[in-house]
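The values are calculated or read from the model by the stated rules, or taken from the named source; none is laboratory data. All values derive from a computational prediction rather than experimental measurement. Here the Cβ positions follow ideal geometry from the backbone for every residue, glycine too, while neighbour counts run over all protein chains shown.
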Amino acid sequence: MDQDVLYFFDGKPEELLLYEAFEEKVFSEVDCVKVKVQKTQISFSNRYHFAFVSFLPVRKAKERPEVYIVVTFGLGYRLESPRIDAAVEPYPGRFTHHVLVSGTEEVDDELMGWVKEAAAFSAGKR
């Protein structure tokens, strides 16, 4: 495990487990992934960034579980799913989606399908 990742999750061992489950799936299902740890998020990229992990408060405090990470990804359309906590269109035809993950079982085929689609969308940008 990268020292920067460990520092990012300092004092949050349960959140680190969620991240590790997500990172493992990304590396096993998406080719040529690079990871960059920043102060407020961890970015996953191929040619461009396609997914992020953060502690973004996408729900009101009383509606958030105690342990969680937020997985953010971009697509060329607005995804409609009850799992999407927030979606915005920062640029025409580019939608950013936020999914709160509070258990390793939530790093499932559905989420990874969206992340793989986001990786392909990102790789195809001009």
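The set of residues in region 92-126 being on the phi < 0 side of the Ramachandran plot, assigned to a loop (DSSP other than H, G, I, E, B) and not polar (S, T, N, Q) consists of Pro92, Gly103, Val107, Asp108, Gly124, Lys125, Arg126.
Take the residues in region 87-112 that are in contact with a Gly (Cβ under 8 Å, 6 or more places away or on another chain) and surrounded by fewer than 18 Cβ atoms within 10 Å (Cβ to Cβ); name whichever of them is farthest from His49 (Cα to Cα). Checked region 87-112; the qualifying residue farthest from His49 (Cα to Cα) is Gly93. So the check is Cβ under 6 Å with 6+ separation or different chains; which pairs have a first residue in region 1-14 that's over 13 Å from Val35 (Cα atoms) and a second one that's at pLDDT below 95 and part of a loop (DSSP other than H, G, I, E, B)? Here the result reads none, with nothing in region 1-14 linked to a residue that is at pLDDT below 95 and part of a loop (DSSP other than H, G, I, E, B). Any residue at all in region 19-26 that's part of a strand (DSSP E or B) and not hydrophobic (A, V, I, L, M, F, W, C)? No. Does at least one position in region 69-77 carry a residue that is within 17 Å of Ala123 (Cα to Cα), β-branched (Val, Ile, Thr) and surrounded by 16 or more Cβ atoms within 10 Å (Cβ to Cβ)? Yes, there is a match, as at least one residue in region 69-77 is within 17 Å of Ala123 (Cα to Cα), β-branched (Val, Ile, Thr) and surrounded by 16 or more Cβ atoms within 10 Å (Cβ to Cβ).
Of all residues in region 47-100, those that are among the basic types (Lys, Arg), in contact (Cβ under 8 Å) with a residue 24 or more places away in the chain and in contact with a strand residue (DSSP E or B) (Cβ under 8 Å, 6 or more places away or on another chain) total 3. Scanning region 61-91 for residues that are in a strand (DSSP E or B) and in contact with a His (Cβ under 7 Å, 6 or more places away or on another chain) yields Val70, Thr72, Phe73, Leu75, Ala86, Ala87. If you filter region 19-32 down to residues that are hydrophobic (A, V, I, L, M, F, W, C), in contact (Cβ under 8 Å) with a residue 24 or more places away in the chain and out of contact with any helix residue (DSSP H, G or I) (no Cβ under 6 Å at 6 or more places or on another chain), you find that the one that is nearest to Glu66 (Cα to Cα) is Phe22. Answer yes if at least one residue in region 36-45 is of a type in the set (D, E, K, R) and either surrounded by 12 or more Cβ atoms within 10 Å (Cβ to Cβ) or not in a loop (DSSP other than H, G, I, E, B) (or both), and no otherwise. There is at least one residue in region 36-45 that is of a type in the set (D, E, K, R) and either surrounded by 12 or more Cβ atoms within 10 Å (Cβ to Cβ) or not in a loop (DSSP other than H, G, I, E, B) (or both).
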